[in-house]
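See below for the structure under consideration.
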Amino acid sequence: MLGGGGLIAANVYASAAEGWGQEASGSGPVPTAGAATIDCPDVGTRLTSVPDGARGEVDRELALLDEQIAAAYRQFQETPQAERQDPGFTGGALMDPLKEKRAATIGRITDAIDQEGDRPQGLDELAECSLRPADGPSGDGTDGGGGQDGAAQEQNGGGQDQNGGGPAQGSGQGGNGPVASDYQDITTVQPGAQSPSRTADASRGSFTSSCGVNAGGLFNSDNVIVAPGVSNGAHHFHDYIGNQANSAFASDEDLAGADTSCVDKGDKSSYYWPVLRLQNGTRERDADAPGGGTEGNAGQIVTPRQVTLTFVGNPREKVTAMPRLLRIITGDAKAFVNGPANANASWSCTGFEDRQVKDKYPLCPAGSDVVRTFAFQGCWDGRNIDSANHRTHVAFAGADGGCPAGFRAIPQLVQRIVYDVDAPSLADGGRAVPLFAVDSFPEQLHKPVTDHGDFINVFDEDLMGEMVDCINTDGTCGADAAPAPSEEPSEPPASSAAPTAGTGAEPEPGGTTGEQSAEPPADAPATEPADTGAPAVSGTTAPRVYASASPGGTASAAAPGGADAEDGTPTTGPAPAGTAVAAEAGDASATGGTEPQAVEGGLADTGARLWPAALGAALVIAGFVVLRRTGRRA
């Protein structure tokens, strides 16, 4: 009886400590039905051809569509749960007004294109949106909204726990994610496939540009590629390295005349991506600003430990120079509702980079850092520096490594970003160790599949020529150049000791300090990484975290923002091999390192955690029966 009672007490106490009844607080996650979102068809994907005379107006109207969705999502979030259940609210107060606004905006887009060229057909059909609830991809049992043929259902089941539980419980400091099912133990991911074999005409060299880690804290919520001249079109903050003049209002002349953070001043290119944040209650400079806290992007911005920018060749042919001011977007900022066709960012951990995931954040073992990789398109149409949807002028190489017909190989940018962040404590919603996530459009719920990167080529022509010559002659060139990749896969990069965020040394120009690398964890699998064409880089730069001096202090105003409406138009050819290797749910457990952590939620999950208490109750009852029988015999 005593043993059974002890089991009951210990198990109930432990379960209570695992996050039951979590209340909102300034330093922890805010409980919410965070997986419900607004799903609208992406108009930008249909605009494969826009006359030059209409492009400015079309870009502004596309940015307005994003603002309308963000405003509707904020209205939904701010509405009490009881009112959300009212069909009158969902239709009359939320979705119908949104449809009317979108219809008017789409009409202006159609008219602008019609005045300069051929009138686009079928855009008016894209005005209607759907409310995707937390328990499924769409509220009406259709294909997920917006005619996506269920593609969006692949992304976390429309907000459901992929480990077999019930609907994922919303969390995250901003109230719109991430959730526990957005993370995966990297040791459960299967190693990726090898890259295509190289032919005799392959360009095997590499060129590295060293541009720092944004130690100066250059941020804004603009995107001059997608929404030039529009403030806060991105609705989330970006890290910038390289060109120091990048904002929504920067002209080509501004970019060409700007300073650069790159070691080689001939590289004034702009490299930018959504910031990574710790969901730890910190009030950043943008806590009350558009693109930041007012749109669900809250918490402590983490400066990368290391950023490596490597341009590599093509496995089948020589590369040609990129045209000056070429714009490239990789990944899809709206992949949670658009579907995964253009999702291209990969996540991994140092020492495990042969294992890559696209739709999960990695849980890294102790001593291993989070790695975020973007492999940009390496084929160009030979004519355009941009396109209406910012995609069709570039493409990925095919499975055999060759460019599509009509495209030529250019140096392929491979961007590797390393962060010193610990695996979050999922069982308690990130209370003990905070969740981390990238900034996103508010309705995209901070899903890792929405990660993306942007690049504008502002290399001097002479330096671009040097890059092409180096790559085509199999050299290893550029500032802090890493060794060119060998024909055989190399050993996994050494992971580094992980100091506490915010306590590292000030980085030198180029983002490198006295670097010390450690061996991978002793229990790390002895696997070899896939040869992705990018050199493996070891060594680290200590991170810095930029935050306000005090929670109540006045933060500097956020820079005017612009757009990041990266669309979902399918690119030509698949992404490079080895960038999307995800383990099936319920794969073999970790072989050392971080244990997979269960996702909380459903009744079945709760019952599974309480079986020791049930056993204790059975022991107590059996004890009473035995005691009573013994008493009768006595």
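Ordered from highest to lowest accessible area with the whole protein assembly present and a 1.4 Å probe, D252, D428, D124 read as D124, D252, D428. By a 1.4 Å probe calculation restricted to protein chains, W347 has an accessible surface near 0 Å², given to the nearest 10. With a simple spin-label model that places each label point 7 Å from the Cα along the Cα-to-Cβ direction, the separation between M1 and D469 comes to 9.2 nm. Could you compute the net charge surrounding D462? Neighbours are other residues with a C-beta less than 14 Å from the C-beta of D462; K and R count +1, D and E count -1. Summing Lys/Arg as +1 and Asp/Glu as -1 gives -3. Computed from label points 7 Å out along Cα-Cβ, the spacing between R408 and T199 is 1.7 nm. Counted by Cβ distance under 9 Å from Y271, the other residues give a net charge of -2, where Lys and Arg count +1 and Asp and Glu count -1. In sequence order, segment 378-390 has phi-based couplings of x, 10, 10, 6, x, 10, 10, 8, 7, 9, 4, 9, 6 Hz under the Karplus curve 6.51 cos²θ - 1.76 cosθ + 1.60, θ = phi - 60°, and Gly or Pro positions carry x.
For segment 394-486, the share of accessible area belonging to carbon and sulfur comes to 49 percent (1.4 Å probe, ligands and nucleic acids excluded). The stretch between E461 and E128, if pulled fully straight at 0.36 nm per residue, gains 115.2 nm over its current Cα-Cα span. Measure off, as a whole percent, the carbon and sulfur share of the 1.4 Å-probe accessible area of segment 35-107, all protein chains present. After summing per-atom areas, the C and S share lands at 49 percent.
The simple spin-label model puts a point 7 Å past each Cα toward its Cβ; for V626 and Q81 those points are separated by 4.3 nm. Measuring r between the beta carbons of T320 and L615 and using R0 = 51 Å, the FRET efficiency lands at 0.15.
The values are calculated or read from the model by the stated rules, or taken from the named source; none is laboratory data. The structure presented is a predicted model; accordingly, all values stated were derived computationally and were not measured. Ideal geometry is used to build each Cβ from the backbone, glycine not excepted, and the neighbour counts take in all protein chains shown. Heads up: the accessible areas ignore ligands, DNA and RNA and are worked out on the full protein's heavy atoms, side chains in. Shrake-Rupley method; radii C 1.70, N 1.55, O 1.52, S 1.80 Å.
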